[in-house]
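Working notes, beginning with the structure itself.
All of the numbers you see were taken from the coordinates with simple rules; none came from a lab. Keep in mind the model is a prediction, meaning the values are calculated, not measured. Cβ atoms come from the backbone with ideal geometry, glycine included; neighbour counts cover every protein chain shown.
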Amino acid sequence: MLTGLLYCGSCGNRLCYSHNTTHRKLADGTEKVYDRNLYRCYRRISSPTTCSGPSGYEMDPINEAVEVAVKDFLRRISVIPREDLIALAGIREVRNAEVTHKQAVKDFEEAQRQINVLEEEAMKALTGENKLDLGIVNNMIMKQKARLDAAAKAMEESKARLDAEKNQKRSNEIQVDEILTWASRFEDASYEAKHMVIAELVDRIEVKKDYEITIYWRMTADQFLGKRTEASA
Ligand SMILES: [Zn+2]
């Protein structure tokens with residue numbers, strides 16, 4: 001269920017699922033088959049000096065501990081109003097980007113307006129309508145144009161950031177709706193569906209000696225809950 005998400009907390013290697021079958025002859029002559037599902041650190045197995053963790057963990061306790069943590073996460077999420085969740089997932093960033101972009105547009109317009117004024121003055125100096133030194137006016141126009149270029153660049157950048165934040169907000173809304181749907185269905189979900197949900201919520205799970213489990217949540221999840229959760233099997 002957790003393949004691809006599990007890492008050895010000792011060496012950082014990915015843990016791999018492994019199925020072991022052992023046949024054992026009992027005293028009465030019959031044979032008994034033992035099935036074991038394990039997550040193994042192949043680094044520990046192939047080069048024991050580079051990993052100090054166990055070579056394998058029983059699958060079931062780890063799966064159960066992670067399932068409990070995910071269930072708990074979904075339960076805590078589902079009592080928060082949807083709008084608050086979306087806000088938590090990044091509405092503040094959109095507002096900040098809007099303010100920055102508005103200011104950048106204003107700066108650009110102001111720089112443009114000043115160039116227009118200077119160019120008018122330069123024209124008047126040419127026709128003798130005023131007595132300004134054309135060299136000085138031209139110099140000022142040059143400087144103002146450099147400011148205009150900088151303002152145009154800043155405006156472009158703030159627009160790009162605003163668009164990115166808006167897209168992010170839309171995807172946050174979709175993600176929040178998904179998470180709320182999962183919250184209502186996780187309990188009865190199939191094995192595959194649970195794996196899918198866990199993979200969407202969790203970035204990485206580290207397992208250490210004595211089944212000490214640390215769950216690192218993905219972006220949206222950690223905005224609701226914080227970056228890591230300690231669980232125990
Ligand atoms: Zn290891």
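So which lysines pass the test for Lys169, namely a Cα distance under 29 Å, with those fewer than 8 places away in the same chain ruled out? Here the lysines satisfying the reach criterion relative to Lys169 are Lys71, Lys102, Lys106, Lys153, Lys159, Lys194, Lys227.
Our summary gives region 82-172 a relative contact order of 48 percent, counting only alpha carbon pairs under 8 angstrom and 6 or more residues apart. Put in order of Cβ neighbour count within 10 Å, fewest first, the listed residues His101, His195 become His195, His101. Footprinting exposure proxy ranking of Glu121, Glu109, fewest other C-beta atoms within 10 angstrom first, gives Glu109, Glu121.
Counted by neighbouring Cβ atoms within 10 Å, the residues Ile77, Ile62 run from fewest to most as Ile77, Ile62. Among the helices of the chain, those built from whole DSSP H runs whose Cα atoms reach 18 Å or more along their own axis and whose mean Kyte-Doolittle hydropathy is at least -1.0 are 59-78, 92-127, 134-185. Could you give the distance between the Cα centres of region 103-170 and region 1-49, to the whole Å? Measuring centre to centre over Cα atoms gives 68 Å. Selection among Leu118, Ile136, Asn167 by position relative to the dipole of region 82-172 gives Asn167 as farthest towards the positive end (Cβ unit charges, Cα centre).
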